[in-house]
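Rule-based calculations on the coordinates, nothing more; no lab input. Please read all numbers here as calculations on a predicted model, not as lab measurements. Virtual Cβ from ideal backbone geometry, glycine too; neighbours counted across all protein chains shown.
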Amino acid sequence: MAQFFPKGQVMGFIFSLVLTVVAMLVYFLDMSFGMGMAVLIITAFLQATLQLVVFMHAGESEDKWAIYINVLYGMVIAVMTVFGSLLIFNWDM
Amino acid sequence: MEFFERFAIPHPSFLIYMAMISIVLGAIVIVAGITYFKKWGYLWREWITTVDHKKIGIMYLIVALVMLFRGGVDAVMLRYQLAMPENTFLDSQHYNEVFTTHGVVMILFMAMPFIIFFFNFLVPLQIGARDVAFPRLNSLSFWLFFMGMGLFNLSFIVGGSPDAGWTSYFPLAGNEFSTSVGTNYYMISLQIAGLGTLMTGINFMTTIFRMRAPGMTLMRMPMFTWSALIANVIIVFAFPVLTVALAMGTLDRLAGTQFFTTDNGGMDMLWANLFWVWGHPEVYILILPAFGLYSEIIPVFARRNLYGYTSMVFSMIIISVFSFGVWTHHFFTMGQGALTNSVFSITTMAIAIPTGVKIFNWLFTLYKGKIEMTTPMLYAMLFIPLFTLGGVTGVMLAMSAADYQYHNSMFLVAHFHNVIIPGVVYAMLAGLTFYWPKLFGFMLNEKIGKATAWVMSIGFVLAFIPMYITGLDGQPRRGYTYSEVTGYSTLNMVAFIGSIIMTISFLMLVYNIYYSFRYASRDISSDPWDARSLEWATNTPIPEYNFAVTPQIKSREAFWDHKYGGKDMDLFAGQKIERIHMPNKSGVPFIMNVFFFILGFCLIFSIWIGAIIGLIGVLGCMLHRSFEDDHGFYFEVEEIEEIEREKRGAIK
């Protein structure tokens, strides 16, 4: 029976719930703004990675490196766009 | 009557009335002609419902050529208006409308479909696939794009054209300053066409990653396929930004939100920011496939393999990252600080390095080659010096401090035409001439073709080099007239003459197609240029399934080695014909996009009931697709053998 039990998925599900709870704590606990943002960003990226690997099976095909490179590329682009816009409008306007 | 008043043109003129009459008459002639020759069934069966990547590609090509004509007419009107000081051919409102539609049509409805034509036609052939990964989605992409294009062109005669520039900056594009429905047309039709492009991007990324023939590793892919892969990756990451920006702009105009307004917490500069976060990568979406085509053409006619394949690939990958890091250079003067401008100046200059690597690679490919100056090669040879000139002025513009002098002047207009025309348009025409025999089974006339390239280049130099000078002298862009004392008139007259010469070259291209259609020999091989990559290994005309047996790729220039590399490089050796699984035709994508058209049109005019009907139609078609049982069909072995015999097949 053991080989039919989706152990990875169940563990992943529990871990994703834990991450959600940790992110929610930012609202309920009295944290500084920087601390709160740090917690949110870290849990968000962990959550996204978890969903991608465990539930969307990113690492299970032959060309998994293509998927990972694309994800990494997307993250680089997102970071560049967000921080570039912040630079333009907030930090240097 | 009140209901119909909204469809009237707010600022009509004699020219627009004439255009309305000619469009209505033209439509009647086309409908009557199709009915008279009983072609409706043919049109429906063979074209509208097709999912074949080659036919969808040809439809993209037709749209691109028609739009090249439309955008070209706009361009000549603009140049005629500016040819003489205080000219009254167009008034300021019409001038605004014409330069707006010229920009949108040329970038989004001419250059984009032209490169997507090459994606569709070439990528599956170059990687040895039977079709794209999602053939039905491909058809949906085309019809989305087609309806967006149709909607945008309708603005000219129903409701008034957009007039806020192709960048449509807020607050000018907001309700306060753009009161006609023109900017609604811009927002909605670009949204619909953009969705189609986004789907194309996903489709071709998947196709290239998953459907390559056995043995074709990524580093054995033909250079055009590499450029298509990179361009489609950029599409997938850049177009969502446009989608979001357009959705916010639409909400601002139709639903009274305050994203880009100047008060109530709105931020008009955010539009410029989002527009160029998409807009700059868009430039590379256009130019990379053009580079890919040059990389296909130059080795064939230099009779040498491409110099620096690996560095070509890496320069494109670097461009794909850098292209997202330079967008601020489109608005250096918007008011951000010197630090930001310096950062983006440096990234902008840095992007010239990978581009320079590519130029040198082409030059080294030519070095010691046995150069054969055919029409496609002539375009490529004219491209290198003219494009380099445009690149150098680009680096000039990249200096943010100096940009305060250049910005909003004709210098900028000259720069981007100088990169887009020799870069993209020449590549498209070179590629079209190069692949014409594969498309239609005859070659375009070489003499007329070469003359076209030369006439076009002379026209180009006359039309755009004077703008550099008047721009440095201070002539603003988008100004509809100027007074005699400014001294711009002589050079503007030269530019107008240049634009007329470019028009002549376009007519020569059309005449070449007509002349070659009538007189060119049909007795050509399926590989008339003695080319190097896999698309030339198919029969001409290409059967629906492309390759009767899957080619086995053993080297980078698979077809060249197949021809000259000896027995063990044979692409098809030891392969047996097996039954081939192909996708079914479908009319649903077309019908769905008729509803999309209704939805878009009604949104533009705020006819909510019509919009709801359109939306229900769209959702209904999606629902239909979810429950549809479609397993495709098979070409049986005998059928394939019959087709291959008829085409005097490639397989012995």
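Taking other Cβ atoms within 10 Å as a rough exposure proxy, B:Asp523, B:Asp629, B:Asp473 sort from fewest to most as B:Asp629, B:Asp523, B:Asp473.
At q = 0.14, 0.17, 0.20, 0.25 Å⁻¹ the log10 of I(q)/I(0) for chain A amounts to -0.73, -0.94, -1.08, -1.20, computed by Debye summation with a single uniform scatterer per C-alpha, solvent ignored.
When the Cα positions of B:Ile643, B:Ala573, B:Ile612 are compared along the charge dipole of the range B:572-644, B:Ile612 comes out farthest toward the positive end, with charges on each C-beta of Lys, Arg, Asp and Glu. What is the helix-to-structure angle for B:410-420, meaning the angle in degrees between its Cα long axis and the longest Cα principal axis of chain B, kept from 0 to 90 and rounded to the nearest 10? Long axis of B:410-420 versus the principal axis of chain B: about 10 degrees. At full extension, B:Glu628 and B:Arg518 could sit 35.1 nm farther apart than now, given 0.36 nm per residue minus the alpha carbon distance.
Taking the Kirkwood radius as Rh and the Cα radius of gyration as Rg, chain B has a ratio of Rg/Rh equal to 0.96.
For helix B:92-104, report the angle its Cα long axis makes with the longest principal axis of the Cα atoms of chain B; keep it between 0 and 90° and round to the nearest 10°. On a 0 to 90 degree scale, this one is about 20. Placing pseudo-labels 7 Å out from each Cα toward the beta carbon at B:Thr490 and B:Ala27 gives an inter-label distance of 4.8 nm.
Extent of the range B:200-305 along its three principal axes (Cα atoms, max minus min coordinate, largest first): 63, 29, 18 Å.
Positive-end ranking of B:Thr348, B:Tyr379, B:Ala401 along the dipole of the range B:267-405, with charges on Cβ about the Cα centre, is headed by B:Tyr379.
Dipole size in debye (nearest 20) for the range B:200-306 around its Cα centre, Lys and Arg Cβ +1, Asp and Glu Cβ -1? Using Cβ point charges on Lys, Arg, Asp and Glu, the range B:200-306 gives about 760 debye. Calculation over all alpha carbon pairs of the range B:570-652 in 10 angstrom steps from 0 returns a P(r) of 16, 27, 17, 16, 15, 9, 1 percent. Just need log10 I(q)/I(0) for the range B:230-288 at q = 0.12 Å⁻¹, Debye formula, equal scatterers on the alpha-carbon atoms, no solvent, rounded to two decimals. The computed values of log10 I(q)/I(0) come out as -0.33. Annotation: the residues B:Asp163, B:Asp252, B:Asp561, B:Asp131, sorted from fewest to most other C-beta atoms within 10 Å of their own C-beta, follow the order B:Asp561, B:Asp131, B:Asp252, B:Asp163.
Its relative contact order, with pairs defined as Cα atoms under 8 Å and 6+ residues apart, puts chain B at 16 percent. Once the convex hull of all Cα atoms in the range B:344-465 is built, its volume per residue stands at 119 Å³. Quick one: dipole size for the protein assembly as shown, taken about the Cα centre, charges +1 on Lys/Arg Cβ and -1 on Asp/Glu Cβ, in debye to the nearest 20. So the dipole magnitude of the protein assembly as shown works out to roughly 1700 debye. Taking other Cβ atoms within 10 Å as a rough exposure proxy, B:Glu296, B:Glu372, B:Glu544 sort from fewest to most as B:Glu372, B:Glu544, B:Glu296. The simple spin-label model puts a point 7 Å past each Cα toward its Cβ; for B:Ala247 and B:Asp473 those points are separated by 4.9 nm.
Helix B:588-604 and the longest principal axis of the C-alpha atoms of chain B enclose an angle of approximately 10°. In a simple Cβ point-charge model (Lys, Arg +1; Asp, Glu -1; nothing else charged), chain B has a dipole of about 1600 debye relative to its Cα centre. Which net charge results for the neighbourhood of B:Ser13, defined as the other residues with beta-carbon distances under 15 angstrom from its beta-carbon, given Lys and Arg at +1 and Asp and Glu at -1? Around B:Ser13, the surrounding residues sum to -4. Of B:Lys358/B:Lys554; A:Lys64/B:Lys554; B:Lys370/B:Lys438; B:Lys55/B:Lys567, which ones are farther than 31 Å apart at the Cα? In this structure, B:Lys55/B:Lys567 lie more than 31 Å apart at Cα. Cα extents for the protein assembly as shown along the principal axes, largest to smallest and rounded to whole angstrom: 75, 73, 60.
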